[in-house]
Every structure is written in C-alpha cells, then in structure tokens.
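Comments concern the structure below.
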Amino acid sequence: MYFPVSATDGPTRVEGQLVAGFSETDLGAALAAVHIVYRASAAPGPAVFGPALHEQVVGPTAPDLAVAVQTEYAQAREASGLPDGAPLGDGSVVFVGYRVAPLPGGNRQVQVVERAPDENGVVQFYAFDVVLTRLGGDWKVVAPAMGSWNGAFSRLPAAPPDMTAFAPASPDGGA
C-alpha cells in the first residue's frame, strides 16, 4: 500500500509504530487522516493499532473505538487463520484525494477519497470522513461518534469533482 507523503506537510517523523510531524495546513490534516486512520484500524495488527489508538485518537468514544478495532481484528485474524499479532494485510487501496472543511478552534473535517475493490473485486470509490484536532503540536483524529470506523466509511458513485488530488496518488503517478 502506498501512503501519500509530503516533505513539508508530513509525516516528518517516525516514532516507533507511529508517524508524526504533520503541518497545520489542510494537506497536513489530510495526510494525518490517511496515516492515523490506517494505523488505528485492524489491518496493521495490534503492534500498530494499539499505540495509534492510544496516542493519536482522542475524544469520548476513543475507548469504544479501541474495543471495536480489537474485536474486528480478532474476528478477521481468526477467520483468516493468521497467528495472533500478525497484520491482516494492506489490501489494494489507492488514496486519490481529499476535501477539507474548517471547524471552530482550528479543527478540520477531512474526507479522504480512496479507490479499492469491493467484495466482488470491482474497483469502487470510497470515502472516510473524520474530524482532526491539534493537540501537543500535531494532528489527532477524533474517534467517530459511534465508536467504530464503520460509520466513517461510505461508497461513492464517483470521485468528487471538487476534491484535491494527492500528487502523486500512487507511486507511478496515476490517480
């Protein structure tokens, strides 16, 4: 899986399993959303999602999100026959763009648009919507209100025409 990065907007630091150093710009917020949401999901396994959920996800439903991610991981790991602690895999996601809206207090509402195959292998556009806040000099993701990533993701009929493309969206420069 290829993650978009920027020399000026981040991430500029690797701290164990975490990445940090995202600028206080819209691009910095979008990059933080991509990196933190992935790391705080079941896919990379508990060695990654544990620290990400503890250090980079905040808000009243953060404990519920941690339980939901651990449960999702345990079910998927058991179904796949992977050993405990193993990553579930990165999949075939390509992050193609983002939209950012300002919120009070310098917070941002970020929608990240990605392309990935659906359950039948047909490539679709998806989006995840999260709120980011600045704490300790860096962006943190506010846990979704429902305490699960499920409500933050949706399928899109097409890429939104008003999104800003990640450049490049993939290592070969394709979108």
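Numbers below:
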{"quantity": "In Hz, Karplus ³J(HN,Hα) per residue of the stretch 122-137 (6.51, -1.76, 1.60; θ = phi - 60°; x = Gly, Pro)", "calculated": "7, 5, 10, 9, 10, 9, 10, 10, 9, 9, 10, 9, 8, 9, x, x"}
{"quantity": "The stretch 53-110 - accessible surface per residue (Å², probe 1.4 Å)", "calculated": "55 Å²"}
{"quantity": "The chain, relative contact order in percent, only Cα pairs under 8 angstrom and at least six apart counted", "calculated": "24 percent"}
{"quantity": "Cα shape, the chain, gyration tensor, a/c 1.5 rule", "calculated": "rounded"}
{"quantity": "Share of carbon and sulfur in the accessible heavy-atom surface of the stretch 30-138 [1.4 Å probe, %]", "calculated": "57 percent"}
{"quantity": "Calculated [θ] (222 nm, deg cm²/dmol) that DSSP helices of n ≥ 4 give over the chain, each run adding -39,500 (n - 2.57)", "calculated": "-8000 deg cm²/dmol"}
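The values are calculated or read from the model by the stated rules, or taken from the named source; none is laboratory data. Just so you know, these numbers come straight off a predicted model, no measurement behind them. Calculation scope for accessible area: heavy atoms of the full protein, side chains included, ligands and nucleic acids excluded. Shrake-Rupley method; radii C 1.70, N 1.55, O 1.52, S 1.80 Å.
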